[in-house]
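Asks: Here you go, one structure.
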Amino acid sequence: MHPNQRKQGAILGALVADAASLGFHWLYDADRLADVAGAKPEFAAPNPRDYEGVAGYFAHADKSPGDVTHYGEQMAVALRSLAQNGGAWMPADYLAEFRATFERGGSFSGYIDAATRGTLDNAKEAEAKGEGEGSKEDVELSLKVGADDAQMPAFSKLPPIVARYAGDPRLLEIAEEAIRITNNHDEAVAYALFGARALEQVILGESILHAMKAAAAEAPDSAREVIESALALDENRPKYIAEHFGAACYTRMAIPVSVTILRDHLVFVGGVRQNIFAGGDNAGRGIFVGAMLGAAGGIGGDGIPLSWLSRLSGLERYLTQVEAACAED
C-alpha cells in the first residue's frame, strides 16, 4: 500500500470510527449496550432511552447517524488548519480555528468537554490581559492556554498531524505542541505521544503490533508500564478490558483499552465494533483505534468499508481537506 493511502486511511478511519461510535458514546453499562445494540452497534441513532437506569451520560441529542462527536470535530479543526496552510502546522492558526469552532456562536453545536472549555477560558483570559497581539505573540499565546487536563482531546487532533509529518523529524515536537494547546498536562502528553509514535510507524508500513511495542518502549516509565500491561493482558472481551483499565475519558484508561483491542483485532470492522462494545468513552478511543486500523488497512478489504465511509457526514469535504493537508512542503 502506498504511504499516501495509509495517510488517507488514518484520517478517514479516525473520523469513521468516531462517527460509528456516536449512538452509544458514554454508555458505560456494557451489558445494556450489548442488549440494545445487537451485533452491529455502528452508526446507531442516539436514543436517551438506551441510557435510562444505567451508568452513562447522554450527550448527543442534536446529532444524527453519520455525524462525528466533539472528538471528531476537534480532529477536523486540525485537518482544516493544515489544509488551509498547504499542509504546514501553524499553532496560532490552529488555536484561532479551534476558537472559531467551539466558542459560543462558533460553527460547532454540541457537547463541549472539559479540556475544550478550559482552553477557551484560558485563551479569553490571556486575551483580556492584552496577550496575543501580533503573529509572534499569537504563537506564544497558543502554547500556553491549554487546560490542565489529561483526557482524550489530547490525542483527538493528532491523526492528520501524524499523517502529514510521518517520517519527518519534526513530528514529535509538533505533536507535543498540538497536544499542549488543549491539554497542558504531562500525563496527557505521554499517552498521546505514544499514540502518535505508533500511528507514525503504521503509516510508514510497520504492523500495528510492532508499532505499539516500539512506541511503548519510547514512552515515559509510568505510561510504558501501563501500555505494556495492555499488550500482555490475558483478556480479549471488551467489557472486561474496559473494566480492567477503566472506560472513562482519561488517556491512562482510553489508550491501554485501545491497545488491547488493537492487539487482537486487526480488521477495521471488528476492531471498531469491539471498541464500541467496550462502552464508556468509545468515541474518544475510536479516534486512535480507527486511525491505526485505517492506516493499516486503507479503504476496502480489511480496512474501512466503503459502506461505512459513505455514511460519514461531510465526506466530500474531508476528502478535499485530506488531500490539501497531506501536501508536501
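The values are calculated or read from the model by the stated rules, or taken from the named source; none is laboratory data. All of these numbers come straight from a predicted model, not from anything done at the bench. Glycine also receives a Cβ, built like all others from the backbone with ideal geometry; neighbour counts cover every protein chain displayed.
This table checks each residue for (1) closer than 29 Å to residue 28 by Cβ; (2) touching a residue at least 60 places away in the same chain (Cβ under 8 Å); (3) hydroxyl-bearing (Ser, Thr, Tyr); (4) in a helix (DSSP H, G or I).
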residue: 200; (1), (2), (3), (4): no, no, no, yes
residue: 222; (1), (2), (3), (4): yes, no, yes, yes
residue: 235; (1), (2), (3), (4): yes, no, no, no
residue: 239; (1), (2), (3), (4): yes, yes, no, yes
residue: 244; (1), (2), (3), (4): yes, no, no, yes
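Asks: Residues to consider are 67, 113; find the one that is of a type in the set (Asp, Glu) and within 20 Å of residue 319 (Cα to Cα).
Replies: 67
Asks: Another question about this same structure. Looking only at residues that are under 23 Å from residue 244 (Cβ atoms) and assigned to a loop (DSSP other than H, G, I, E, B) in region 1-39, which one is farthest from the chain's Cα centre (by Cα)?
Replies: If we take residues in region 1-39 being under 23 Å from residue 244 (Cβ atoms) and assigned to a loop (DSSP other than H, G, I, E, B), then 29 is farthest from the chain's Cα centre (by Cα).
Asks: Please tell me if residue 80 is over 24 Å from residue 293 (Cβ atoms) and of a type in the set (D, E, K, R).
Replies: No, not satisfied.
Asks: Could you tell me whether region 177-194 includes any residue that is under 25 Å from residue 321 (Cα atoms), surrounded by fewer than 24 Cβ atoms within 10 Å (Cβ to Cβ) and of a type in the set (Asp, Glu)?
Replies: yes
Asks: When the residues of region 50-84 are narrowed to those that are buried (at least 16 other Cβ atoms within 10 Å of the Cβ) and polar (S, T, N, Q), which ends up nearest to the chain's Cα centre (by Cα)?
Replies: Restricting to residues being buried (at least 16 other Cβ atoms within 10 Å of the Cβ) and polar (S, T, N, Q), the top hit is 74.
Asks: Based on this model, can you work out whether residue 276 counts as within 16 Å of the chain's Cα centre (by Cα) and either in contact (Cβ under 8 Å) with a residue 12 or more places away in the chain or buried (at least 22 other Cβ atoms within 10 Å of the Cβ) (or both)?
Replies: Yes.
Asks: Give the number of residues within region 91-110 that are more than 19 Å from residue 317 (Cα to Cα), over 19 Å from the mean Cα position of the chain (by Cα) and either of a type outside the set (A, V, I, L, M, F, W, C) or modelled with pLDDT of 95 or more (or both).
Replies: 4
Asks: On to the next question. Residue under question is residue 165, and the condition is that it be aromatic (Phe, Trp, Tyr) and within 14 Å of residue 94 (Cβ to Cβ); does it hold?
Replies: It is true that residue 165 is aromatic (Phe, Trp, Tyr) and within 14 Å of residue 94 (Cβ to Cβ).
Asks: Considering only region 263-329, give the helices (runs of 4 or more DSSP H) lying wholly within it that have at least 3 residues that are within 22 Å of residue 207 (Cα to Cα).
Replies: The qualifying helices (runs of 4 or more DSSP H) are 268-277, 282-297.
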